[in-house]
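Colleague: Before I ask anything, here is the structure I am working with.
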Amino acid sequence: MKKPSSKIRNEIAKLQEQLKAADTREAERIGRIALKAGLGEIQVDESELQAAFEELAKRFRAGQGSGKVGSTGKERAEAGGAKSGQTAAVTPGAAESSIGEA
């Protein structure tokens, strides 16, 4: 049995609300992590920061399935993990030197 278009539109609207809520939750989670890592204190151009996040995303996508499941970066660093020296793609010194002070 086919659904009327009004019912489909209602379902689409509900799904859009769910998507918006999921995006908000994910953004808040990533934001909290970024602030804990000190990114809120770094003055860097938004496009540079986005590029650094894209590089970070590629690194984690490429490494899916490797390392301990559920371990944190701190736990890997304490255990002497191979990637313990790698933290963020943008370092405070690099970000500060690339932006002139007004």
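The values are calculated or read from the model by the stated rules, or taken from the named source; none is laboratory data. Since the model is a prediction, treat every value here as computed from it, not as a measurement. Cβ coordinates were reconstructed from backbone atoms using ideal geometry, including for glycine residues, and neighbour counts include every protein chain displayed.
Colleague: Hey, does the stretch 86-97 have a residue that's at pLDDT 50 or above and not in a loop (DSSP other than H, G, I, E, B)?
Modeller: Within the stretch 86-97, none of the residues are at pLDDT 50 or above and not in a loop (DSSP other than H, G, I, E, B).
Colleague: Sticking with this structure for a sec: Here's a check for you: in the stretch 32-79, which residue that is at negative phi, in a loop (DSSP other than H, G, I, E, B) and at pLDDT below 55 is surrounded by the fewest Cβ atoms within 10 Å (Cβ to Cβ)?
Modeller: Selected residue: VAL69.
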